[in-house]
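Structure, as structure tokens:
FYI, it's all coordinate maths here, none of it is from the lab. Note that this is a predicted model, so its numbers are computed, not measured. Cβ atoms come from the backbone with ideal geometry, glycine included; neighbour counts cover every protein chain shown.
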Amino acid sequence: MNQGANGSTPPPLASVEPVVVFDDVSIGFEQKPVLENISFQVRAGEMRILLGPAGVGKSVLLKMTNGLLRPDSGRIFVFGKEISAMHEQDLFELRGAIGTVFQEGALFDSLDVRDNVGYRLMEEHLPDDQVTARAAEALRFVEMEPAIDRFPSELSGGMRRRVAIARAIVTNPKLILYDSPTGGLDPITSTTIIELVMKQRDVSHTSSIVVTHRIQDAFVLAMHHFNRTTNQMELLPPHQTDPNTSFLMLHQGRLVFDGTTKELVHSSDPFIKEYIS
Amino acid sequence: MALDTIDSAAKRGVLAVQEYVLLSSRAVSDIFRRPFYRDDIYMQADIIGVGSLPIVILTGFFLGGVLALQSASTLQQFGAAAFTGQLVSFSMIKEIGPVVTALMVSGRNASGMASELGSMMVTEQIDAMRALGTDPLKKLVMPRIVATVVMLFFLVIISDAVGIAGGGFVSVFLLGQDASQYFHTCYQSLEYPDILQGLVKPIFFGFIIATIGCFYGMKTRGGTQGVGRSTTQAVVWSSILIITTDFMISRFMIGIFGR
């Protein structure tokens with residue numbers, strides 16, 4: 001968020017260490033394999049859009065990325081540290097550098113918006129006025145500042161999702177994980193949320209993994225960019241896609257696609273063709 | 001087929017015990033690790049301790065009263081109605097005070113903890129807390145254990161006192177006994193092991209209420225129905241464990257002190 005205010009440019013992708021590395025990761029529940037032999041990378045400033053049908057394990061993959069779930073086999077590296085081998089106590093510290101937006105927002109219903117957004121800052125024992133100022137700044141980013149004193153139960157689904165994004169970005173994380181940020185929302189609200197995700201990508205250049213099963217959201221992210229001057233997203237010129245956005249696709253527990261927007265569109269895989277049609 | 005069912009049920013049982021022991025031991029070890037959520041402990045102490053005060057006073061008073069009523073009529077048959085106070089104080093301090101107070105607090109708070117944490121679990125708030133870098137065991141479970149153990153200890157003392165007062169009220173105003181005689185027999189026959197037994201029990205019971213409530217809350221799955229199931233199981237299992245533990249502590253203390 002602050003980086004965006006300074007107007008910094010994203011680092012060239014090839015030159016930097018990957019932020020996330022999945023190396024032959026598998027996980028199952030109650031002896032049923034859910035994800036098998038998953039390998040991919042997320043580099044600094046890169047947005048990976050994770051597609052796949054409902055129930056394929058997208059959220060599971062995301063939860064493994066911040067250590068909420070541990071793989072049965074394989075290794076996961078985040079910021080160069082092998083989180084699959086880390087103790088839970090050490091993971092709490094690492095998660096401070098990862099922002100997570102949960103499927104339904106997962107706001108703390110007994111706390112107001114200010115306390116929800118400033119939760120992590122309060123845990124770090126920052127003075128009250130600083131917590132309020134930074135929570136207000138994050139809420140301004142998602143255009144929710146007027147709701148600072150309201151409780152989650154008083155907000156609509158879209159508003160809750162925006163507050164969840166504010167909570168995820170308040171500490172300026174280096175990596176953001178979005179778990180179906182538009183799931184269950186109407187098309188207009190979905191566009192607003194996608195615009196915010198894009199704003200975070202293009203203004204702050206934060207690395208991210210966006211889980212979605214809505215192909216239209218994925219293509220909006222790939223074919224638009226956020227214009228800071230007009231404060232709106234704009235369609236990229238024809239045949240041009242965002243260079244920092246690429247795709248992953250899961251099918252039947254396996255990673256069936258890892259590539260750019262163009263490669264996805266021109267894929268000859270019958271499942272992918274059917275999925276994106 | 002039947003063997004498979006027994007096998008999987010046994011495995012589930014062992015797994016549940018293992019998870020319970022892990023959760024309890026980690027939460028207890030969190031007491032000695034920073035950050036120390038002092039404000040959360042005070043808040044839980046207020047909810048659990050102060051919030052349970054009315055029901056503990058009411059049940060304590062009437063239990064003491066009914067004890068006096070029932071024991072006086074039996075003792076009268078042997079010409080020993082003068083020992084009503086002793087019987088009430090013995091029963092209240094060693095058994096009924098700790099057990100009934102624990103059961104009341106369990107009904108009110110183990111269910112509350114299970115439903116609160118269960119709701120947080122099914123709405124991913126616990127995951128969100130972990131994702132925000134906070135250990136839910138430290139933030140949510142540890143304060144509840146500390147608050148329940150400390151507050152139940154004092155609630156039991158209050159319940160004992162109110163119960164003896166209730167017994168006194170019934171003995172004096174309904175049975176026409178002498179107040180001085182009642183209260184004298186109440187404390188004169190008491191010895192330190194009796195008091196110790198009554199004060200050791202709430203420590204164990206408080207631990208059981210908080211850990212069982214939190215355990216079922218933290219393992220809630222399956223939406224609102226799951227929350228309901230966890231709440232019921234928390235009350236049922238904490239009640240069973242309170243009574244079982246009461247027997248074991250009583251046996252142990254009687255074994256040591258001979259009374």
Checklist line | Most mobile of A:S246, A:S204, A:S110 in a GNM of chain A (Cα contacts under 10 Å) | finding: A:S110
Next item on the list: Arrange B:V17, B:V146, B:V200, B:V100 by Cβ neighbour counts within 10 Å, fewest through most, would you?
Entry: B:V17, B:V200, B:V100, B:V146
Item checked: Residue-span extension gain [B:S250 to B:D4] - 0.36 nm each, minus C-alpha spacing -> 84.7 nm
Next item on the list: Starting from the alpha-carbon convex hull of the stretch B:37-257, give the projected area averaged over all orientations, in nm².
Entry: 13.3 nm²
Next item on the list: Read phi for every residue in the stretch B:52-59 and hand back ³J(HN,Hα) as whole Hz from Karplus 6.51 cos²θ - 1.76 cosθ + 1.60, θ = phi - 60°, with x for Gly and Pro.
Entry: 8, 4, x, 5, 5, 5, 4, 5
Next item on the list: Please order B:Y182, A:Y178, B:Y37 by the number of other Cβ within 10 Å, starting at the fewest.
Entry: B:Y37, B:Y182, A:Y178
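Neighbour counts of other C-beta atoms within 10 Å: give me A:I188, B:I57, B:I195 arranged from fewest to most.
By the 10 Å Cβ count, ascending, the order reads A:I188, B:I195, B:I57.
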Note to self: Give the lysines reachable from B:K94 as a straight Cα distance under 20 Å; neighbours fewer than 8 places away on the same chain don't count.
What the structure shows: B:K201
Item checked: Separation between Cα centres of the stretch A:229-249 and the stretch B:40-64, rounded to whole Å -> 60 Å
Note to self: Mean-square fluctuation check for chain B, GNM, Cα pairs under 10 Å: which of B:G13, B:G85, B:G49 is largest?
What the structure shows: B:G13
Margin query: Using Cα springs under 10 Å in a Gaussian network model of chain B, which residue among B:T148, B:T231, B:T244 shows the largest mean-square fluctuation?
Written below: B:T244
Note to self: Need the full-extension length gain, A:E145 to A:Q89, defined as separation in residues times 0.36 nm minus the C-alpha distance. One decimal, nm.
What the structure shows: 16.8 nm
Checklist line | Inter-probe distance in nm under a simple model that places probes 7 Å from Cα toward Cβ, at A:K81 and B:L174 | finding: 6.4 nm
Checklist line | Over 18 Å (Cα to Cα) - which of A:K32/A:K81; B:K138/B:K219; A:K174/B:K138; A:K81/B:K138 fall in this group | finding: A:K32/A:K81; A:K174/B:K138; A:K81/B:K138
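Mind pulling up the Rg/Rh value for the stretch B:63-135? Radius of gyration and Kirkwood radius, both on Cα. Let's see the in-between values first.
Values: Rg = 22.3 Å, Rh = 15.6 Å.
Computed over Cα atoms, the ratio is 1.43.
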Note to self: At 222 nm, what value in deg cm²/dmol follows for chain B if DSSP H runs of at least 4 each add -39500 (n - 2.57) and the sum is divided by all its residues, to the nearest 500?
What the structure shows: -26000 deg cm²/dmol
Check: Given only helices, namely DSSP H runs of n ≥ 4 each adding -39500 (n - 2.57), what is the per-residue ellipticity at 222 nm of chain A, to the nearest 500 deg cm²/dmol?
Finding: -9000 deg cm²/dmol
